[in-house]
1. List the relative contact order of region 96-172 as a percent without decimals, with contacts defined as Cα pairs under 8 Å and 6+ residues apart.
2. So who's got an amide H within less than 5 Å of the one on I136, skipping anything under 5 residues away but keeping other chains? H placed 1.01 Å off N, in plane.
3. Estimate the FRET efficiency between L126 and E148 by the formula 1/(1 + (r/R0)^6), using the beta-carbon distance for r and 25 Å for R0, to the nearest 0.05.
Amino acid sequence: MIRKALFLAAPLTALVLVLGGCGDNHEELRAWMEQVRKTTPPTAQKVDEPRRFEPFRYDDAAQVDPFSLAKINAMMERAGLVKGGLAPDLRRPREALESFGLDQIKLVGHLRRAGKETALVQVEKLVYQARVGNHIGQDFGRITRITENEVTLKELVQDASGAWVERETVLQLQEKQP
């Protein structure tokens, strides 16, 4: 037990001696700092007077507000980002195949009657006939071309700015899997 006490007392004694050497006697350092302050001339840089800010005023009522929706749309039209007149016809009656997304519709066959192409598309367990000009899918798709292996359609979708743009989509013939 005594050994343990001596073992702990030795480092504590060394610590007290080390900390005792760190006294408040910094007079030599303070004297040196005072001498440097007296001998060093101050340097002052001239600071220019700030320029006067004059705000821009939109006084003319005929000017277009730069943040208005009309101004943004006009800029997009000039840049060719908006195609004028593109919009779906929401008043026309919807066709049966417009109730399904293109991921649910499969092209399963092709017919040619009197020189007219007809696509056979399957949704769930029902098979529908579709011709050029019919609407299909939920993005206002309209069939533009039918071949033996695919159906091409143009869809109207909105881009990030809300403008309607055309997108071409193809349905490929789905081979029956064994």
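What follows draws every value from the coordinates through simple rules; no lab data is involved. Everything numeric in this text was worked out from a predicted model, so none of it was measured. Cβ sites come from the backbone with ideal geometry, for glycine too, and all protein chains shown count toward neighbours.
1. 24
2. G141, R142, I143
3. According to the calculation, E is roughly 0.70.
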